[in-house]
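Heads up, the thing below is written out as structure tokens.
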Amino acid sequence: MKKHIKQNIFLAIDNINERVIEVRHDLHAHPELSGHEEHTKYLVKGILEMQGYAICEFDDHYGLIADLIVDENAPMVAIRADMDALPITEQTEEPYRSQVEGVMHACGHDSHTAIALGSAIALAENRNHLPGNIRFIFQPSEETKEGGSLQMIEGGALEGIGAIFGLHAYPYLSTGEIGYKYGVMMASADIFTIEIFGKSAHGARPHEGVDAILVASMVVNSINHIVSRRIDPLHPAVITMGTIEGGRAGNIICDHVVAKGTVRTLNEAIRKDIPKMIEEAIRGVCKSMGATYNFDYVFGQPELINDNAMVDILRGEAEKIIGSENCIDLVDPVMGGEDFSEYLQIVPGTLFRLGTCNTDKNTCAPQHNSRFNVDDDALKYGMKILSACALEYLSNKKG
């Protein structure tokens, strides 16, 4: 019976594949930045309402929750998709390229949304045979430092949920392949801001001032030695200074510099120690140079830790759909962050990489690149694997 249900859902996915591609093209042509996903939300909502989903909306953001309830007493599984785009000017030549100046789907969230929507349609068409309930979480603001996942969690997205599945477009694997990872898959992602306060003076009389630019350069240099000299090399960590701003004229000693950066780690203990190390570096330089400072550190998303049992489900279902040779063990984690990790702090689940690289279609550019694009042929694999994982989890819980 379980195999029969999956076959019916796969057939439904094949039948709606072109429609899902059209939805993805619509979303790609009309990208929306974090916190502004209005068109995306209402496109998704309209389709899901026609499929009989119970929709939960929010007053303070454009996320939505869509439930397919077949039995109030049955278990429930969730599938998550993020919806926001990036402030990047698209440089592809696709007919569906972004129509919004300076905004594009350079990370594949248009494909995530379309894949989840297609899965929702196919599952709804087979609701009378489902072994349990399914929730779709369409999340805003994944690209922000706070992460829209917390907004969804606070809004009840995980209430009653036993497990959660998600995917991410991945141009480093070919279309028809997926990547899975047991345990830690992605790093925690924190941000910090440093302000250096010096004393202005004429550029020809530097001894009368305190040069905030010089102090800041020494602070940056000192911080860059933290990873190489103060952290166990067996525990990966990255500290990156992304911006530094200061000064008003070439002949004035600068009295104020603002620098911003990010920290990525795969070890929670080291993560908690790094802010202290950074501030020690800032304090030491400022004291020796006669400057003062402000230091603000914000803990962002935690490490993304996949549940091994959920990875087993993913791997088993994906091997049936695309073959074991196309299911790639990623082995090593990456230092990028993903706020899907917040869901995994509460319920078991897994995120997997969906291969989208097709050299013939020029879809192998990296994420957050102006030429990034997703191979439309990858969408059907995402829909089938997500749907199969949800069904397998529900069947195991029921059985």
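Within the span defined as the stretch 36-43, one or more residues are hydrophobic (A, V, I, L, M, F, W, C) and part of a helix (DSSP H, G or I).
Would the stretch 160-167 turn up any residue that is at pLDDT 95 or above, more than 17 Å from the chain's Cα centre (by Cα) and surrounded by 20 or more Cβ atoms within 10 Å (Cβ to Cβ)? Write out each step before concluding.
Let us first name the residues in the stretch 160-167 that are at pLDDT 95 or above, namely 160-167.
Now narrow it down to the ones that are more than 17 Å from the chain's Cα centre (by Cα): 160-163.
Applying the additional criterion that residues be surrounded by 20 or more Cβ atoms within 10 Å (Cβ to Cβ) yields 161, 163.
Yes.
Would you call residue 75 out of contact with any Cys (no Cβ under 9 Å at 6 or more places or on another chain) and under 15 Å from residue 140 (Cα atoms)? Before the answer, list the steps.
Working: out of contact with any Cys (no Cβ under 9 Å at 6 or more places or on another chain): yes; under 15 Å from residue 140 (Cα atoms): no.
Spelling it out, it is not the case that residue 75 is out of contact with any Cys (no Cβ under 9 Å at 6 or more places or on another chain) and under 15 Å from residue 140 (Cα atoms).
Inspect all residues belonging to the stretch 126-138 and state whether any of them is assigned by TED's automatic domain parsing to the domain that holds residue 22, part of a strand (DSSP E or B) and surrounded by fewer than 24 Cβ atoms within 10 Å (Cβ to Cβ). Break it down stepwise before answering.
Initial filter on the stretch 126-138 (assigned by TED's automatic domain parsing to the domain that holds residue 22): 126-138.
Restricting the remaining residues to those that are part of a strand (DSSP E or B) gives 133-138.
After this cut, where a residue has to be surrounded by fewer than 24 Cβ atoms within 10 Å (Cβ to Cβ) as well, the list is 133.
Yes, the stretch 126-138 contains a residue that is assigned by TED's automatic domain parsing to the domain that holds residue 22, part of a strand (DSSP E or B) and surrounded by fewer than 24 Cβ atoms within 10 Å (Cβ to Cβ).
Would you check if residue 70 is in contact with a strand residue (DSSP E or B) (Cβ under 7 Å, 6 or more places away or on another chain) and surrounded by fewer than 21 Cβ atoms within 10 Å (Cβ to Cβ)? Here the answer is yes, as residue 70 does meet what is asked. When 52, 108 are checked against the criterion of being surrounded by fewer than 16 Cβ atoms within 10 Å (Cβ to Cβ), assigned by TED's automatic domain parsing to the domain that holds residue 147, within 27 Å of residue 15 (Cα to Cα) and among the small types (Gly, Ala, Ser), a single residue qualifies: 52. Counting the residues of the stretch 219-246 that are in contact with a helix residue (DSSP H, G or I) (Cβ under 8 Å, 6 or more places away or on another chain) and either under 18 Å from residue 335 (Cα atoms) or buried (at least 16 other Cβ atoms within 10 Å of the Cβ) (or both) gives 13. Looking across the stretch 223-266, the residues that are in a loop (DSSP other than H, G, I, E, B) and either outside the structural domain of residue 296 (by TED's automatic domain parsing) or not aliphatic (A, V, I, L, M) (or both) come down to 224, 225, 232, 233, 235, 236, 247, 248, 250, 251, 254, 255. Number of residues in the stretch 161-190 that are among the β-branched types (Val, Ile, Thr), closer than 30 Å to residue 68 by Cβ and in a strand (DSSP E or B): the value is 2. If you go through the stretch 98-130 and keep only what is of a type outside the set (S, T, N, Q) and farther than 21 Å from residue 44 by Cβ, you end up with 101, 102, 129.
Yes/no matrix, rows are residues, columns are (1) without any contact (Cβ under 8 Å) to a residue 24 or more places away in the chain; (2) touching a strand residue (DSSP E or B) at 6+ places or on another chain (Cβ under 7 Å); (3) not assigned by TED's automatic domain parsing to the domain that holds residue 15; (4) not small (Gly, Ala, Ser):
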site	(1), (2), (3), (4)
352	no, yes, no, yes
356	no, yes, no, yes
362	no, no, no, yes
365	no, yes, no, no
368	no, yes, no, yes
377	no, no, no, yes
382	no, yes, no, no
386	no, yes, no, yes
393	no, yes, no, yes
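Matching residues to (1) of a type outside the set (A, V, I, L, M, F, W, C); (2) at positive phi; (3) not assigned by TED's automatic domain parsing to the domain that holds residue 171:
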| position | (1), (2), (3) |
| --- | --- |
| 282 | no, no, yes |
| 297 | yes, no, yes |
| 320 | yes, no, no |
| 330 | no, no, no |
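The values are calculated or read from the model by the stated rules, or taken from the named source; none is laboratory data. This is a predicted model, so every value here is computed, not measured. A quick note on method: Cβ atoms are made from the backbone with ideal geometry, for glycine too, and the neighbour counts reach across all protein chains shown.
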